[in-house]
Amino acid sequence: MKYFALITLLILSACAAGPKDAQTYLESKNVYEFTDHKNFQHCRAYGCREIDTLTLPPKEWKDIAKVFKPTSKNAKLERERIAKAIGIFETKIGAINGTDQDIFGTFKKVGTKQHDCVDESVNTTIYLSLLEQDGLLKFHDIGGPDTRIPLIHYSGVWPHQTAVIFEKDTKDAYAVDSWFHNNGFPAEIVPLQAWKGGWKPAEHKK
């Protein structure tokens, strides 16, 4: 048991919960203020060891923005659109910097083009911030990434991190987790408390 605890603490330094403020957390990972889809950063190589500065051409950005047209009528619909948009972000960015072959999970494949939960949660927070800056999020605010820890949350073997949004009216928190699937799939969006309790997609329970 003591060895499990030691390993958990070591990994926690990589997959650690950040401040609730998204911008403060991003800066802790050396991701600083970005203007719009013409100038933003992207993490890869496990724990943001590599950071690219990227531009999405206007046509590529329009493909993402049109997911939110017409304007969402409620928070539930907006979350469905956010999930879809995260997958489109991954597809378009993967084609630019070679992360299109990133596979789900951690340790299944390594290399500078792969993502762990830190990369995934940081990138998703960046994508959410770009959507917010463009006025596409009407029902949600963005928080800093949050973490579930096995010794505290009884949520599996390893610490795990996710991006977070808050519904404006109810203040309910939701995990926005793109780590469970290969590059380009829609993100999973579930209540944060369920996620902290060890939630995972059905296919990962087999």
Practice item. Subtracting the Cα-Cα distance from 0.36 nm times the residue separation, let me have the gained length for Gln133 to Asn97 in nm, one decimal. Key: 10.7 nm
Review point. Length gain on complete extension for the stretch Thr35 to Thr112, per 0.36 nm per residue less the alpha carbon to alpha carbon distance?
Key: 25.2 nm
Study note, to complete from the structure: Expressed in nanometres to one decimal, the distance between label points 7 Å along Cα→Cβ at Asp169 and Lys62 is 3.3 nm
Review point. Using 0.36 nm per residue, how much length does the chain from Arg49 to Val190 gain when fully extended, once their Cα-Cα distance is taken away?
Key: 48.0 nm
Exercise for review: Starting with the highest mean, order 119-128, 69-78, 168-177, 45-54 by the number of other Cβ atoms within 10 Å, averaged over the residues of each peptide.
Suggested key: 119-128, 168-177, 45-54, 69-78
Revision key, fill the gap. Between Asp141 and Lys76, the two model label points (7 Å from Cα along the beta-carbon direction) sit apart by a distance in nm of 2.4 nm
Check your understanding: Taking Rh as the Kirkwood radius computed over C-alpha pairs, what is the Stokes-Einstein D of segment 19-69 at 10 °C in a medium of viscosity 1.306 mPa s, expressed in µm² per second?
Key -> 128 µm²/s
Review point. Any idea what % of Cα-Cα pairs in segment 53-206 are farther than 18 Å?
Key: 56 percent
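Bear in mind these aren't lab numbers, they're just calculated from the coordinates by the rules spelled out. Note that this is a predicted model, so its numbers are computed, not measured. Ideal geometry is used to build each Cβ from the backbone, glycine not excepted, and the neighbour counts take in all protein chains shown.
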